[in-house]
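See below for the structure under consideration.
Throughout, read-outs are computed from the coordinates displayed, never taken from laboratory work. Note that the structure is predicted; figures quoted are calculated from it, not measured. Heads up, the Cβs are rebuilt from the backbone with ideal geometry, glycines too, and the neighbour counts pull from every protein chain shown.
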């Protein structure tokens, strides 16, 4: 994945290809933060089986494995945060292991089925989890085919099969991956601590912007049961805004808010 990004030196760039890469970053980041994290891992809102399946599939194109694997490991992380049992604690295991090395181990690569009894009953989710490489391959093939067609049908866009593949899939996916895992490696080291949690979680506004609200990590570890992670009005949480919009459209429902008492407590803290 990372090596293929170097191909940008040969395929060049176009506004169309960069726009596709940005759009796929936004769509897939939302699928990861809203559904893989706040829905599958924490059940902070409700959705129909169709909606959960669609966003499980979109999230799987991010090459962050399937929704069951993702949710199972995240639930385990919350149970053992920043202890020796936490597979991606930077305080326990260092930067590189917490950033990406942990899931390359046999223990990290397997799905913790015991942690997700509520999710493993869905055969479509088990299918996506078992064949998690299928949807990224289909996305890559689709982008390659689209780029090839546009090269002939709309040459004014300045794109090609290889250019759209490199920008739309490889560059977008690699940036998305590293943005997501900074929450493991950086948000337990850098930032402010509003709440005295039993872990090293931090609030980091830069990571919050990059990850659509996930950087308000100390807030999240203090109260993981809320669909909203930015507790103050100025704590930008794009995932929360997207979920609110989806609720107005009837696509999701019963968004769990931050309790009023926590909002008042947050006002009195940094």
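Structural remarks
- 222 nm mean residue ellipticity, helices alone, for the chain (DSSP H n ≥ 4; -39,500 (n - 2.57); rounded to 500): -14000 deg cm²/dmol
- Projected-area average for region 39-105 over all orientations - Cα convex hull basis, square nanometres: 4.9 nm²
- Result for the chain in a Gaussian network model with C-alpha springs under 10 Å: among 189, 46, 121, the largest mean-square fluctuation is at 121.
- Here the scattering of region 14-150 is modelled by Debye summation over its C-alpha atoms, one equal scatterer each and no solvent; at q = 0.12, 0.13, 0.15 Å⁻¹ the log10 of I(q)/I(0) is -0.53, -0.62, -0.79.
- Theoretical gain in end-to-end length, residue 22 to residue 107 [0.36 nm per residue, Cα-Cα removed]: 27.3 nm
- Shape of region 64-218, Cα gyration tensor, a/c cut at 1.5: oblate
- Residue among 48, 98, 187 with the largest mean-square fluctuation in a Gaussian network model of the chain, springs linking Cα atoms under 10 Å: 48
- Label separation (residue 254 vs residue 43): 0.9 nm, computed from points 7 Å beyond Cα along the C-beta direction.
- Full-stretch length increase - residue 7, residue 100 - with 0.36 nm per residue and alpha-carbon distance subtracted: 31.2 nm
- Shape class of region 118-187 from the Cα gyration tensor (axes a ≥ b ≥ c, square roots of the eigenvalues): oblate, since a/c reaches 1.5 or more and a/b does not exceed b/c.
- By the count of neighbouring beta-carbon atoms within 10 Å, fewest first, 205, 216 end up ordered 205, 216.
- Added length on full extension, which subtracts the Cα-Cα distance from 0.36 nm per residue, residue 234 to residue 196: 11.6 nm
- Tensor-based shape of region 151-202 (alpha-carbon gyration tensor, a/c under 1.5 rounded, otherwise prolate or oblate): prolate
- Seen from every direction in turn and averaged, the convex hull around the alpha carbons of the chain projects onto 15.0 nm².
- Virtual spin-label span in nm between residue 78 and residue 130, 7 Å along Cα→Cβ: 2.8 nm
- Whole-Å distance, taken between Cα centres, linking region 132-147 and region 62-101: 27 Å
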